[in-house]
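Comments concern the structure below.
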Ligand code: AMP
Ligand code: MG
């Protein structure tokens, strides 16, 4: 058994992870309906004008603006209705001077007309007439052909996140599928002789696998595809075999094997198959976290602590930024609130602490029970960071809570 020779700071761990990210290059074609949240791997330019024809932006009357120049509420101008234009139809009649067409929002503008008067500014007059009570200006209430997107222009660029607005622009230009970056495949493996899959009964000394599920949830909600495997026993042979089974993965995440007796197994494994980038971070919880590059492909390998809260906490602060950058997603937009602390916290000096809290009555109450207790997280609304050089946060002090 050997204790940690040394630890690196959290910021140094983040720097080494940032430096190790090689954004995914693999791409795939997906149907537009499956594209939200994906990242475009091509520039998308339009082959059509949007809208494809000039159209009315209002329910009203398509007119020649010059015919209405003298119109006012007190002295309306009478025009003759020569056509009724609905959406989805091509107008057949051109509008001449003194004439107009009743038109629906979205219907193509008839030839000759150059403005639309909205129905609220009109009154019907007899069976084929309408009184226009306001002067129209040329172009008013018209959506010009190509006014939204002109043929040949790029609507979405490679590398952009396909949010609902961009999905809409792609639909508007008539594309039914889009080339996107593949979601990174992340192998998720729990290690430990005592760890068994939920669903059965526990034997003596056994516990249910928590980390497989928390890590998979993190992966799936941050752009990855979690490929979770059954728990692996603590032996170099089993761990080595399991690692060999991850050859198709873009990223490998193991959990467990970080207590002093087992730690050497991961170190030995990495020594045999790759290069250790760090092992041991001055954070609490989550000190026994390792990061390495494995095999010929230098596949990123995370060795997360087995304690469920340590594992999930470090997944939030280390795995999430790495995975998102790998997947070419923008950084997670963390929501924070600043509130007074409801009860004094004493923290361990020398380690940056991620301390979970609940929010109640406008204050942050400590929720951290211990690194091994998943309820430290499941009962929490967020966490505060207590710097390594600070050992006490006083009741009433303002704290910034990062919300889960
Ligand atoms: P380890 O990091 O393997 O030394 O494990 C530290 C603690 O976390 C031990 O109490 C383990 O039983 C527990 N543990 C390890 N892996 C898991 C897991 N996948 N789910 C729940 N608890 C775990
Ligand atoms: Mg273990």
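What follows is calculated from the coordinates using simple rules that are stated; it is not laboratory data. Every value quoted in this text rests on a predicted model; they were computed, and no experiment measured them. A quick note on method: Cβ atoms are made from the backbone with ideal geometry, for glycine too, and the neighbour counts reach across all protein chains shown.
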Check your understanding: Which semi-axis lengths, in whole Å and largest first, follow from the square roots of five times the eigenvalues of the Cα gyration tensor of the range 11-58?
Key -> 40, 15, 11
Point to revise | Ratio of the Cα radius of gyration of the range 230-323 to 2.2 N^0.38 Å, where N counts its residues | key: 0.99
**Study point:** Max mean-square fluctuation residue, GNM over the chain, Cα-Cα springs under 10 Å, options 262, 160, 102
**Key:** 102
Point to revise | Antiparallel %, DSSP beta bridges [both residues in the range 1-138], to 5 | key: 75
Point to revise | Label-zone membership for the range 38-55, site residue 154, 7 angstrom Cα→C-beta point, backbone N under 12 Å | key: 41-46
Study note, to complete from the structure: Quick calc: nm separation of the 7 Å Cα→Cβ label points for residue 47 and residue 128 -> 4.4
**Study point:** Helix-only mean residue ellipticity at 222 nm for the chain, each DSSP H run of n ≥ 4 adding -39500 (n - 2.57), per residue, nearest 500
**Key:** -5000 deg cm²/dmol
Review point. So what's the range 214-372 giving for Cα Rg divided by 2.2 N^0.38 Å, two decimals?
Key: 1.13
Check your understanding: At residue 12 and residue 334, where each label point lies 7 Å from the Cα along Cα→Cβ, what is the point-to-point distance in nanometres?
Key -> 2.1
**Study point:** Values of log10 I(q)/I(0), in the order q = 0.23 Å⁻¹, for the range 107-207 under a Debye, Cα-only, solvent-free model
**Key:** -1.25
**Study point:** Fully extended contour minus Cα-Cα distance, from residue 260 to residue 197, at 0.36 nm per residue
**Key:** 20.3 nm
Study note, to complete from the structure: With T = 4 °C, eta = 1.567 mPa s and Kirkwood Rh from C-alpha pairs, the Stokes-Einstein D of the range 115-155 in µm²/s is about 102
Study note, to complete from the structure: Cα-only Rg/Rh for the range 262-302 with Kirkwood Rh rounds to 1.00
Review point. Pulled fully out, how much extra length does the chain show between residue 177 and residue 73, if you take 0.36 nm times their separation in residues and subtract their Cα-Cα distance?
Key: 32.3 nm
Point to revise | Rg(Cα) / (2.2 N^0.38 Å) computed for the range 1-82, rounded to two decimals | key: 2.68
**Study point:** Label-point separation in nm, residue 4 to residue 32, each point 7 Å along Cα→Cβ
**Key:** 5.1
Practice item. State, as an integer percentage, the relative contact order of the range 322-404 based on alpha-carbon contacts under 8 Å between residues 6 or more apart. Key: 40
Practice item. Principal axes first, then extents: for the Cα atoms of the range 331-385, list largest minus smallest coordinate on each axis, whole Å, largest first. Key: 31, 25, 23
Check your understanding: What full-extension length gain, to one decimal in nm, is calculated for residue 247 and residue 395 as 0.36 nm per residue of separation minus the Cα-Cα distance?
Key -> 48.3 nm
Revision key, fill the gap. As a percent rounded to 5, the proportion of antiparallel DSSP bridges among beta bridges in the range 292-404 is 95
Check your understanding: Using the alpha carbon gyration tensor of the range 49-127, what are the three equivalent-ellipsoid semi-axes (square root of 5 times each eigenvalue), largest first, in whole Å?
Key -> 21, 12, 12
Exercise for review: Mind jotting down a quarter of the surface of the convex hull over the alpha carbons of the range 171-271, in square nanometres, one decimal?
Suggested key: 8.9
Point to revise | Rg/Rh ratio calculated on Cα atoms of the chain (Kirkwood radius) | key: 1.23
Exercise for review: For the range 1-155, would you read off the P(r) tail past 27 Å as a percentage of all alpha carbon pairs?
Suggested key: 50
Study note, to complete from the structure: As a percent rounded to 5, the proportion of antiparallel DSSP bridges among beta bridges in the chain is 70
